[in-house]
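Heads up, the thing below is written out as structure tokens.
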Amino acid sequence: MGLPQFPEMPEIPEQIDLLHLLMQTVALEELSLAALVNAEAEKVQELVQQGIAGPIFAEEAILINESVRDVIKAAGDKEDKLLRKLRIILAAKEAEENDNNDNDDNDNNDNNDNDDNA
């Protein structure tokens, strides 16, 4: 097995574009976590409905409960990681925007100095 091959990028994207793409990945992961948590809720609902319809074995209920607990815990851990990732992205985005504003201010000052010399 060789090294992975990455697709060639037609051009190197700007940093702000990369930050937007990273924010989109966070949103997609959040959407996936929501679907996962919803599926676990459906498991619990099915368990409750089975109990209402007739007897359910305690061992089966315990296994399902433990499974749901483990998945919800993993989803919570992932949520914490996504929050940290989002905070880093937003801090980088703010720094990028501040750098752009500083550059714009410097350009305006340079233009004003040139006007004074003319």
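The values are calculated or read from the model by the stated rules, or taken from the named source; none is laboratory data. Only a predicted model underlies this, so the values are computations on that prediction, with no experimental measurement involved. Backbone-built Cβ (ideal geometry, glycine too); neighbour counts: all protein chains shown. Just the protein is used for accessible areas: all its heavy atoms, side chains included, with ligands, DNA and RNA removed. Shrake-Rupley method; radii C 1.70, N 1.55, O 1.52, S 1.80 Å.
Roughly how tilted is helix 58-117, in degrees to the nearest 10 and between 0 and 90, from the longest Cα axis of the chain?
For helix 58-117, the angle is close to 10 degrees.
On the Cα set of the range 1-112, report Rg and Dmax in Å, please.
23.9, 84
In Å³ and rounded to a whole number, note down the convex hull volume per residue for the Cα atoms of the range 1-40.
It comes to 107 Å³ per residue, whole-number rounded.
Taking Cα atoms, how many degrees apart are the long axis of helix 15-53 and the longest axis of the chain, rounded to 10 and kept between 0 and 90?
10 degrees
Do you know the relative contact order of the chain, to the nearest whole percent, from alpha carbon pairs under 8 angstrom that are 6+ apart?
Relative CO of the chain lands at 39 percent.
Would you mind calculating the gained length between Leu28 and Ile16 on full extension (0.36 nm times residue separation, minus the Cα-Cα distance), in nm to one decimal?
Stretched fully, the Leu28-Ile16 segment lengthens by 2.5 nm.
For the peptides 54-63, 18-27, what is the packing order when you average, over each peptide's residues, the other Cβ atoms within 10 Å and list the highest mean first?
Descending packing order for the listed peptides: 18-27, 54-63.
Averaged per residue, what accessible area in Å² does the range 1-81 show with a 1.4 Å probe, protein chains only?
82 Å²
First compute the accessible area of the range 21-83 with a 1.4 Å probe, then give the percent of it belonging to carbon and sulfur atoms.
Taking all protein chains in place, the range 21-83 shows 66 percent carbon and sulfur surface.
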